[in-house]
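Colleague: The structure follows.
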Amino acid sequence: MPSLMSLSSFALLTPPTFNFKPTTLPPNPSLPYLSITCSSDNNPKPTRSSSWVSPDWLTSLSRSLTMGQDDSGIPMATAKLDDVSELLGGALFLPLFRWMNMYGPIYRLAAGPRNFVVVSDPAIAKHVLRNYGKYAKGLVAEVSEFLFGSGFAIAEGELWTVRRRAVVPSLHKRYLSIIVDRVFCKCAERLVENLRTDALNGSAVNMEEKFSQLTLDVIGLSVFNYNFDSLTADSPVIDAVYTALKEAEARSTDLLPYWKVKALCKIIPRQIKAEESVTVIRKTVEELIAKCKEIVEREGERIDEDEYVNDSDPSILRFLLASREEVSSVQLRDDLLSMLVAGHETTGSVLTWTLYLLSKNSSSLMKAQEEVDRVLQGRSPSYEDIKDLKFLTRCINESMRLYPHPPVLIRRAKVADVLPGNYKVNAGQDIMISVYNIHHSSQVWERAEDFLPERFDLEGPVPNETNTDFRFIPFSGGPRKCVGDQFALLEAIVALAIFVQHMNFELVPDQNISMTTGATIHTTNGLYMKLTQRQIPSAFVPTSSRWKVEGTLFFIHPRPREESAVYRKRKRQSWKTKPWRAEIKPDWLYWSSPT
Ligand code: HEM
């Protein structure tokens, strides 16, 4: 029963008094709310009487063991079995939030043989994240090593320093500006084109799935110059990545780390599935590296300038191979796999939840669409346009506050330390920094549960951990901060701008939208939307692309490179029936709509 075992145990003690105000701000009635329910429909709930992994058992034991010795000043959380049963197939971070409201910004949680200190305070988070020398990745590295191998996302010490230093230069400004145009815009345009059929049919679309496909295509092209083409073909890689990440999360709470025994991994179905997934991902990456290496060798390519980009293949892989850094194929594979995994699901989830929030907040959506129309005038964004899409950017920032990916960061103390507030931790102590709690705490944010993009000054800098003093840490902070933060923000802004420019959308009614976690916050059942094609108001379409023919106004946009079946059909019909046929170059005709 691996899933029950993985729930382990939580303390059942009397709550200590703690001077920490629970979140009691009245909800704003004008804003609809996501009910934070954790769906565990597919999983039987443990019964109070039968469970030997009930909260009481191990946590009481852990309490007895530390009785009289715990001078850390950190209260121990008491969990009810109902809290724990919510974890079954659900969202681990939700009970952490409830306990924060009971025990305060730092508490101890006995979870099976492990004991976590859970941090929900910006100053303590800042201390832990900035002092990387004292705090290692610990458990995260242990439970995801089967996937990342020696990749720099989990490597420590000298190896991490060297590999991070080798990879970061590939994400320079010139690379980003080229990728915006060649990859982010193209993939988002393809998504919109792909969705037109659904919009015309009126069918419900699972936007979480679509965004996951979009971001896999983006990361594939940007990192490897490889088109997974997952928007139009099934990609086994998506399933493989999700399975592997879910396995890493399950391992982090397993009561018995039986997966450390290699022989068991060959017979336990969950482990067999995980190993198969890793094989799919590794094989894909190895093939891509081999192909690119051959080309670089054949052409004798070598980096010869700052901000180097190969024009025919601007990918990160090409940059790394052309940099001629001494690195083994396995290390390169694991580093790139780190980028593929870290950059795929995260951005997909950001887009999913931002769309969800906009669908529930019509005034913010209207404001975002007005801005997109005004700034872009009917075209796709360029790198330069992005700084002017301020409100849209704030919508994404605010979405990452409410739904941070991952919701919890994990560290392990390498030495004994004293945290701000005079809390003591011993060497070896596992620490969970609950980004979700910090972002939702009423001690940290006013109207913390509301979606208010305007809370971040439109004219101010893009919020990050430094300018908010670790109140806003969606990309973490300190030396191990996300290397893809700029990349991810640009990607999300471009995708959302192109989507809201061309589509109106509304939630399919009566959906149970609840949260679950892999490495990011997912919906449990998808995010189903009804789409309709949106007409860009004519005032925002430049006169050069507006054509008046026999009193009817047509908008003309450059044709996307890939043509869908719907587009081709529409074009054939236009050629047969429209009187303006001879006047427009076919290459420029993409879409026409009478006002
Ligand atoms: C909105 C999307 C993204 C979010 C929310 C996000 C979030 C994060 C966070 C929170 C961390 C730090 C984890 C920790 O401190 O333990 C991280 C690390 C990392 N991210 Fe991202 N990320 C995103 C997109 C990307 C993209 C697009 C890439 C690659 C192009 C990427 C590559 C990485 C890598 C390689 C690391 C490990 C860095 C290290 O340990 O030195 N991420 N990410």
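The values are calculated or read from the model by the stated rules, or taken from the named source; none is laboratory data. This one's a predicted model, so the numbers in the text were calculated from it and none came from an experiment. Every residue, glycine among them, receives a Cβ derived from its backbone with ideal geometry; neighbour counts consider all protein chains shown.
Colleague: Can you tell me which of 346, 354 is crowded, with 22+ Cβ neighbours inside 10 Å, at pLDDT 95 or above, under 30 Å from residue 514 (Cα atoms) and in contact with a helix residue (DSSP H, G or I) (Cβ under 8 Å, 6 or more places away or on another chain)?
Modeller: 354
Colleague: Checking residue 484 against (1) touching a residue at least 12 places away in the same chain (Cβ under 8 Å); (2) more than 10 Å from the ligand (Cβ to nearest atom), which test does it fail?
Modeller: Residue 484 satisfies every listed condition except (2).
Colleague: When residues of segment 453-470 are filtered for being buried (at least 20 other Cβ atoms within 10 Å of the Cβ) and touching a Phe, Trp or Tyr at 6+ places or on another chain (Cβ under 9 Å), how many remain?
Modeller: Of the residues in segment 453-470, 4 are buried (at least 20 other Cβ atoms within 10 Å of the Cβ) and touching a Phe, Trp or Tyr at 6+ places or on another chain (Cβ under 9 Å).
Colleague: Next up: Looking at 411, 374, which one is assigned by TED's automatic domain parsing to the domain that holds residue 474 and crowded, with 20+ Cβ neighbours inside 10 Å?
Modeller: 411
Colleague: On the basis of being in a loop (DSSP other than H, G, I, E, B), modelled with pLDDT under 80 and surrounded by fewer than 18 Cβ atoms within 10 Å (Cβ to Cβ), does residue 304 make the cut?
Modeller: no
Colleague: Out of all the residues in segment 500-516, is one or more within 16 Å of the ligand (Cβ to nearest atom) and either assigned to a loop (DSSP other than H, G, I, E, B) or at pLDDT below 95 (or both)?
Modeller: yes
Colleague: Since residue 401 meets every condition but one in (1) part of a helix (DSSP H, G or I); (2) within 26 Å of the chain's Cα centre (by Cα); (3) over 27 Å from residue 74 (Cβ atoms), which condition does it not meet?
Modeller: In the conditions (1) part of a helix (DSSP H, G or I); (2) within 26 Å of the chain's Cα centre (by Cα); (3) over 27 Å from residue 74 (Cβ atoms), residue 401 misses (3) alone.
Colleague: Restricting attention to segment 132-147, which residues are under 17 Å from residue 271 (Cβ atoms) and surrounded by 17 or more Cβ atoms within 10 Å (Cβ to Cβ)?
Modeller: Within segment 132-147, 142, 143, 144, 146, 147 meet the criteria.
Colleague: Among the candidates 380, 359, single out the residue that is over 26 Å from residue 277 (Cα atoms) and assigned to a helix (DSSP H, G or I). Show your work before the answer.
Modeller: On the way: 380 fails: assigned to a helix (DSSP H, G or I).
The match here is 359.
Colleague: Take the residues in segment 139-168 that are more than 10 Å from the ligand (Cβ to nearest atom) and assigned to a loop (DSSP other than H, G, I, E, B), then tell me which one is farthest from residue 277 (Cα to Cα).
Modeller: 150
Colleague: Given the conditions (1) assigned by TED's automatic domain parsing to the domain that holds residue 527; (2) in contact (Cβ under 8 Å) with a residue 60 or more places away in the chain; (3) away from the ligand (no atom under 15 Å from the Cβ); (4) surrounded by fewer than 20 Cβ atoms within 10 Å (Cβ to Cβ), which single one is not true for residue 207?
Modeller: (4) is the only condition that residue 207 fails.
Colleague: From the list 283, 260, 266, which residue is surrounded by fewer than 20 Cβ atoms within 10 Å (Cβ to Cβ) and closer than 21 Å to residue 331 by Cα?
Modeller: After applying the criteria, what remains is 283.
Colleague: Any residue in segment 178-193 that is within 16 Å of the ligand (Cβ to nearest atom), outside any helix (DSSP H, G or I) and surrounded by fewer than 23 Cβ atoms within 10 Å (Cβ to Cβ)?
Modeller: The answer is no; no qualifying residue exists.
Colleague: Let me ask something else about it. Could you pull out the residue among 442, 476 that is in contact with a strand residue (DSSP E or B) (Cβ under 7 Å, 6 or more places away or on another chain) and either assigned to a loop (DSSP other than H, G, I, E, B) or within 12 Å of the ligand (Cβ to nearest atom) (or both)?
Modeller: On inspection, the qualifying residue turns out to be 476.
Colleague: State yes or no: is residue 488 crowded, with 18+ Cβ neighbours inside 10 Å and touching a helix residue (DSSP H, G or I) at 6+ places or on another chain (Cβ under 6 Å)? It would help to see each step written out before you state the result.
Modeller: Working: crowded, with 18+ Cβ neighbours inside 10 Å: yes; touching a helix residue (DSSP H, G or I) at 6+ places or on another chain (Cβ under 6 Å): yes.
For residue 488, the condition - crowded, with 18+ Cβ neighbours inside 10 Å and touching a helix residue (DSSP H, G or I) at 6+ places or on another chain (Cβ under 6 Å) - is met.
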